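Just below is one structure, and these are the notes that go with it.
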């Protein structure tokens, strides 16, 4: 279950033995290997301001591999309304309002969240305010016109600033202190008064715990979600635990492409494997396929640039066949160096690493001339020199740290003689 500000982790239903609570969902979370076919994911909350939001294709892919998806209350209701035709189950009145077109904006469910990891809601979402105003109108505290005017004024406040104090301030400005007093009284009696998001989230949890069927038998086919972007995301989030290290598979492959002198042969083997085992069509020897495509004397790596799928175990095993324990330790070290650079230098990105520095080190590592640089990069599966430079930038902070350590050890060794 992905939940944050809508339900506290202390909620009794979340303590059920089969419930695993995750923070608000973000881009990449559904690639986690812990989420398997047959599992049920309840999507309640998600981030979108401070990090990329969970993509629709990620949800479709999860459904496609046999994961039941339930959405409610917040981004879960919004995504379920959008993806109900593909098998995502929506729960609650907020979901229903999205489906009926009564509400249609992301801001309806958006709230400011505490930055300390507790994910407490700090502001009022529009859906809860609308619900409270409807309750006030039913109680005779507000008439229809005054409730509508107050909703417009409250909605005009930017969502991270729509605190309870801001709500009271808007009420004073609108001359609706009777309503403010009425609402304060209800909240004193019940701190969850008017919390429509909470009610919908609890309903979704109950459905998941009941174990009822939540997914249609017709799952979306890969053609619905298997795009170039999706493959890029799946590679970026592919991880594995090896030698007690949690490592990015993409980083492991890149390390081999850059540092393994024998990777040229490994990439040639991979091209042969892909030619003999294509996703579609008849398998051919690479030389035969190359002869069909071009009569020129070009190496296969300059002609064929197949997309690598790091979800495929055979592909990973083939490309990482030369990896050593020391390589994996270096990958972990380089990942830590990159994260350290991001923490210590505000605004740092991989793009900030200088092209000329990266290119110079690649030329030296590959013992290549400028004239051979593109050919060397291509033979390692990096297509061309420019792309090799862009890819290798993420390794540079760790590589430069290693060089500094090596220089220091050399100086120490010389000084000891």
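Values in this text are rule-based calculations from the coordinates and carry no lab data. All values derive from a computational prediction rather than experimental measurement. Here the Cβ is made from the backbone with ideal geometry for all residues, glycine too, and neighbour counts use every protein chain on show.
Can you tell me the relative contact order of the range 126-195? Whole percent, Cα pairs under 8 Å, sequence separation 6 or more.
Reported as a whole number, the value is 37 percent.
Given the C-alpha centroids of the range 197-272 and the range 1-47, what is the distance between them in whole angstrom?
17 Å
Read through the labelled values [x] 26.9, 76; [y] 20.4, 65; [z] 27.5, 92 and report the label of the one computed as Rg and Dmax of the Cα atoms in Å from the structure.
[z]
Using a simple spin-label model with points 7 Å from Cα along the Cα→Cβ vector, what separation in nm is obtained for residue 292 and residue 241?
Roughly 4.4 nm, to one decimal.
Using a 7 Å offset from the Cα along the Cα-to-Cβ direction at both residue 227 and residue 386, what is the distance between the two label points in nm, to one decimal?
In this crude spin-label approximation the distance works out to 2.4 nm.
Compute the acute angle (0 to 90°) between the alpha-carbon long axis of helix 249-259 and the principal axis of greatest extent of the alpha-carbon atoms of the chain; round to the nearest 10°.
30 degrees
Relative to the longest principal Cα axis of the chain, at what angle does helix 396-415 sit, 0 to 90 degrees, rounded to 10?
Approximately 50 degrees, to the nearest ten.
Can you give the % of DSSP beta bridges in the chain that are antiparallel, to the nearest 5?
Restricted to the chain, the bridges split so that about 35 percent are antiparallel.
Which ordering of 396, 403, 88 is given by a fewest-first count of other beta-carbon atoms within 10 Å?
With the fewest neighbours first, 396, 403, 88 line up as 403, 396, 88.
Cut-off 10 angstrom, C-alpha nodes, Gaussian network model of the chain. Which of 53, 25, 77 fluctuates the most?
Among 53, 25, 77, the largest GNM mean-square fluctuation belongs to 53.
Run the numbers on the chain and let me know its relative contact order in percent, using alpha-carbon pairs under 8 Å that are six or more apart.
Averaging sequence separation for qualifying contacts and normalising by length gives 13 percent for the chain.
Let me make sure I get this right: for the range 239-411, a, b and c are the square roots of the gyration tensor eigenvalues over alpha carbons, sorted descending. Under 1.5 in a/c it's rounded, otherwise prolate if a/b > b/c, else oblate. Which is it? Each step should come with its number before you reach the end.
Details: a/c = 2.20, a/b = 1.59, b/c = 1.38.
Cα axes put the range 239-411 in the prolate bin.
Expressed in nm to one decimal, what extension gain is obtained for the pair residue 189 and residue 145 from 0.36 nm per residue of sequence separation less their Cα-Cα distance?
Additional length available on full extension: 13.1 nm.
Once fully extended, how much extra length lies between residue 65 and residue 339, figured as 0.36 nm per residue of separation less the alpha-carbon to alpha-carbon distance?
Once the chain is fully extended between residue 65 and residue 339, it gains 95.4 nm.
Ranking 353, 389, 242 by Cβ neighbours within 10 Å, fewest first, what do you get?
Neighbour counts put them in this order, fewest first: 242, 353, 389.
Mind checking the angle between helix 164-174 and the chain's longest principal axis? C-alpha axes, 0 to 90 degrees, to the nearest 10.
Relative to the chain, helix 164-174 is tipped by roughly 50 degrees.
Using label points projected 7 Å from each Cα along Cα→Cβ, tell me how many nm separate residue 107 and residue 16, to one decimal.
Distance between label points: 3.6 nm.
Quick check: from the Cα gyration tensor, does the range 8-92 come out rounded (a/c under 1.5), prolate or oblate?
Because its axes are fairly even, with a/c under 1.5, the range 8-92 counts as rounded.
Nearest 5 is fine: what % of DSSP beta bridges in the range 1-157 come out antiparallel, could you say?
On the way: 1 of 11 bridges.
Given both bridge residues lie in the range 1-157, the antiparallel proportion sits at roughly 10 percent.
Find how many whole Å separate the alpha carbon centroid of the range 108-182 from the alpha carbon centroid of the range 354-399.
The range 354-399 and the range 108-182 have Cα centres spaced 56 Å from each other.
Which shape class, rounded, prolate or oblate, goes with the range 55-210 when its Cα gyration tensor gives a ≥ b ≥ c as root eigenvalues, a/c under 1.5 marks rounded, and past that a/b bigger than b/c marks prolate? Please list the in-between numbers first.
Details: a/c = 2.11, a/b = 1.96, b/c = 1.07.
Judged from the Cα gyration tensor, the range 55-210 comes out prolate (a/c at least 1.5, a/b above b/c).
When a footprinting reagent is the concern and you count Cβ atoms within 10 Å, what order do 103, 94 take, fewest first? Numbers along the way, then the final one.
Values: 103 19, 94 31.
Placing the least packed residue first, the sequence is 103, 94.
Hey, what number do you get for the chain at 222 nm if only DSSP H runs of n ≥ 4 count, each worth -39500 (n - 2.57), divided across all residues, to the nearest 500?
-15500 deg cm²/dmol
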